[in-house]
Amino acid sequence: MTTELRLFNSRTRRKERFEPLEAGHARIYSCGPTVYSAQHIGNMRANVFADLLNRALRARGLRVTHVINVTDVGHLTDDGDAGDDKMELAAQKTGRRAGDIAAEFTKQWLDDRERLNCLPPDVLCKATEHIAEQIAMIETLEAKGATYRIADGIYFDVSKFPRYTALARLDLEQQQGGKRIGDVDDKRHPADFALWKFADPAVRRQQEWDSPWGRGFPGWHIECSAMSTRYLGDHFDIHTGGVEHLTVHHTNEIAQSEMALGVEPWVNIWMHQDWLVFGGEKMAKSKGNIYVVQDLVDMGLLPLAFRYFLLQAHYRKQQNVADEGLRAADTGYRRLVAQAQSLAGEPAEGEAPAMEAARTVFWDAVNDDLNAPRALAAASQVAGDETLSPGARRHLLTEYDRWLGLDLLTAELPQAIQEADPRIDGRVAARQAARAAKDWAEADRLRDELAAEGITIEDTPDGPIWRRG
Ligand SMILES: [Zn+2]
């Protein structure tokens, strides 16, 4: 591949040329789901975005180690240091075991990742299975004098880390005045955050562990620092997450990791995807405007049509989701697949320069900070480009699909709704009417007539469906 890959780094606020720290090997960490309830399609946007990054690196011939975590303890309801643990709360509300809830929603998330063609993570790590690593990192921070103890737990002291405000360009002095509602009382600074929370002896938690400081559970942020270090080392290439993580979660990850590991920077490139918004609002469980992938399927949409929908917006822009937009994407996706699958043969002789030109347009879009809308437009353009032979188009679309992940050549579309052709629909309906009137000769005649055009009819309990070829 000729063009360099440029990625927007949230830390420096500009696009930078990507060069892996270790030759030929890219290392990525993505903040994964908190598995106390279903992962909605807004969460899945984060997964598809990280998948496009992964695929862009692989397309360059790099070996990729992609680590994704599962938060199954310690994420509190206010995303801060007060409030209830989301897992514990879900367990209380449903009377189920926290571990069973986590297993159920981890499976739902992994199934939906698969339905959206996200490549499997190379490492999938759970917070509850890495308690020792988290305790070890907190001990290091303690030895370096970056922590203090209060009644509620062990806290990170942000005044010990002067670069604390760098990632999100925070104004800490302003924060000092305004304490967050419901925050822990005796914190020295509102930005200080829990590393280890003590279990309240009066409350029986399902998930708590012994530690050098007493029984309790880890704060939310420490898991990502501990697990990424465990699997990717002290300094790695790319960390991804949603924009909502910039000011707190990722800022805290940087503080504790750079302090504990004595490195700067800990991660070279930070990448953040923006939200999927629903009628102008962020899609969130608390707002009740939730879709999961299965809801889309129930609407008659194909999961990969949702991936196609996501590709229509750049990951750094908010994307509005509404039924019309989803249905339009479904139609667009089916059309592109039908076009791709109608192509056959090998590229014609002398086509190589034209193919190379088309290839450049596509990969330039990918390499320009994963510009999916431009890449998708390039694929649609090629699919219908009659100056290229069908074989050349098929060849290019196969190559593009390694990044798009849309199964353009292999998807099996439910044929009944693949196309709406009024003429054929009319013939099929006429045959149906003939059958109802027991006019078998006419029904057979219509069937044979359609067969001569390469159309087969299958009678199902829901009525006849037709397909080409
Ligand atoms: Zn994280």
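A few comments on the model shown:
- Separation in nanometres of the label points that stand 7 Å from Cα toward Cβ, at ASP210 and ILE424: 7.0
- Averaged per residue, region 122-236 has 48 square angstrom of accessible surface, using a 1.4 angstrom probe with ligands and nucleic acids left out.
- For region 322-404: accessible area per residue (Å², 1.4 Å): 44
- Percentage of interatomic Cα-Cα distances in region 6-277 larger than 36 Å: 11
- Summed side-chain charge close to ASN9 - residues other than ASN9 whose Cβ falls under 13 Å, Lys, Arg +1, Asp, Glu -1: +3
- FRET efficiency, LEU409 to THR77 (Cβ-Cβ, R0 35 Å, nearest 0.05): 0.15
- Spin-label pair LEU21/THR331, simplified geometry with 7 Å Cα→Cβ offset, distance in nm: 4.9
- Subtracting the Cα-Cα distance of ALA433 and LEU119 from their residue separation scaled by 0.36 nm leaves 108.3 nm.
- Order by protection proxy (mean Cβ within 10 Å, highest first), peptides 139-148, 9-18: 139-148, 9-18
- Using 0.36 nm per residue and subtracting the Cα-Cα separation, the extra length available between GLU346 and ARG6 on full extension is 119.1 nm.
- All-pairs Cα distance distribution in region 342-469, expressed in whole percent, bin size 5 Å: 2, 9, 16, 15, 12, 10, 10, 9, 8, 5, 3, 1, 0
- Whole-angstrom Cα spans of region 322-404 along principal axes, big to small: 45, 30, 19
- The share of accessible area on the chain that comes from carbon and sulfur is 50 percent, using a 1.4 angstrom probe.
- Spin-label model, ARG374/ASP200: points 7 Å from Cα along the beta carbon direction are separated by 5.3 nm.
- Taking the chain and dividing mean pair separation by its residue count, relative contact order in percent (alpha carbons under 8 Å, at least six apart): 16
- Debye-formula intensities of region 191-254, expressed as log10 I(q)/I(0) at q = 0.23, 0.25, 0.26 Å⁻¹, are -1.02, -1.09, -1.12 (one equal scatterer per alpha-carbon, no solvent).
- Neighbour net charge for LEU446 - beta-carbon separation under 12 angstrom, K R +1, D E -1: -1
- Where region 1-118 is the region considered: accessible area per residue in Å², 1.4 Å probe: 39
- Cα coordinate range in the chain, projected on the principal axes (Å, largest first): 87, 55, 35
The values are calculated or read from the model by the stated rules, or taken from the named source; none is laboratory data. Predicted, not measured: the structure shown is a model, and the values here were computed from it. Ideal geometry is used to build each Cβ from the backbone, glycine not excepted, and the neighbour counts take in all protein chains shown. The area values use the complete protein model at the heavy-atom level, side chains included, leaving out ligands, DNA and RNA. Shrake-Rupley method; radii C 1.70, N 1.55, O 1.52, S 1.80 Å.
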